[in-house]
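The values are calculated or read from the model by the stated rules, or taken from the named source; none is laboratory data. What you are looking at is a predicted structure, and each value in this text was computed from that prediction instead of being measured. Cβ sites come from the backbone with ideal geometry, for glycine too, and all protein chains shown count toward neighbours.
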Amino acid sequence: MMECFAKRYCECQGENNIFQNSDTCYVLSFAIIMLNTSLHNPSVKEKPTIDQFINMNRGINMGQDLPRELLVGLYESIKAEPFKIPEDDGNDLMHTFFNPDKEGWLWKQGGRYKSWKRRWFILNDNCLYYFEYTTDKEPRGIIPLENISVRECTDRQKQHCFELYASGGADFIKACKTDSEGKVVEGKHTVYRMSASSEEEKIDWMNRLSQSISHNPFYDMLASRKRKAQYTAKN
């Protein structure tokens, strides 16, 4: 549903479309859903600020930032009045995850604290989503599969490990998630490490992820300029 909305929205905007492609609209839509939950969930003590919302969406427009006034307007609108999905359409968000490229349980290593947590992963539409439970309507996190690579790795605590890592000139993996209090936070991992239940599952996940990863030439250009600047500075 969200993917169809993003594509249709961009088509209708025509020359006035500020999004470089429909993926930008798709990721922003997900960020808005998470913002709505965090701002109006009573259990969230520390509400996300406008600056945090803007920072979370930096570079999502094919490496460029969206206009600040757009993000400020979205933030203020949602803060003033939450949007709600009608009860009889409550499962529409889950249509995004129907017929996925792959789904299943994986162990995911934390970024700051290297503990392992079991998460339900869904691979679909060039994005990797993870949930705490299979019954959750909204994912705990989303990892757009752009300018990253996948590789085998070893770990002392887990078997059948592989990891996603930033590549193609990107400094970190662009992602967003909700923390334990439901607060929207921006992920800045250089690596996401996962553990599968078997060697066969690990290989299948790695193959499916490799097929879904897209590449943005903007980051190649950025990396090239960085190398050129470093070479010039040395000489």
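Please specify each residue of the stretch 101-137 satisfying the condition of being touching a helix residue (DSSP H, G or I) at 6+ places or on another chain (Cβ under 9 Å) and at pLDDT below 85.
Within the stretch 101-137, Asp125, Asn126, Lys137 meet the criteria.
If you go through the stretch 83-100 one residue at a time, do you hit one that is touching a Lys or Arg at 6+ places or on another chain (Cβ under 8 Å), of a type in the set (Phe, Trp, Tyr) and either at pLDDT 85 or above or under 18 Å from Ala175 (Cβ atoms) (or both)? It would help to see each step written out before you state the result.
To start, the set of residues in the stretch 83-100 that are touching a Lys or Arg at 6+ places or on another chain (Cβ under 8 Å) comprises 90-91, 93-94.
Narrowing the set further to residues that are of a type in the set (Phe, Trp, Tyr) leaves none.
The answer is no; no qualifying residue exists.
Hey, could you check the stretch 36-61 for residues that are in contact with a Lys or Arg (Cβ under 8 Å, 6 or more places away or on another chain) and among the hydrophobic types (A, V, I, L, M, F, W, C) and say which is modelled with the highest pLDDT?
Ranking the candidates gives Ile54 first.
Any residue that is crowded, with 16+ Cβ neighbours inside 10 Å, modelled with pLDDT under 85 and in a helix (DSSP H, G or I) - is there at least one of those in the stretch 62-79?
Scanning the stretch 62-79, I find no residue that is crowded, with 16+ Cβ neighbours inside 10 Å, modelled with pLDDT under 85 and in a helix (DSSP H, G or I), so the answer is no.
Quick one: is Glu138 within 15 Å of Met34 (Cα to Cα) and either of a type in the set (Val, Ile, Thr) or in contact with a strand residue (DSSP E or B) (Cβ under 9 Å, 6 or more places away or on another chain) (or both)?
Numbers: within 15 Å of Met34 (Cα to Cα): yes; either of a type in the set (Val, Ile, Thr) or in contact with a strand residue (DSSP E or B) (Cβ under 9 Å, 6 or more places away or on another chain) (or both): yes.
When the stated conditions are applied, Glu138 passes them.
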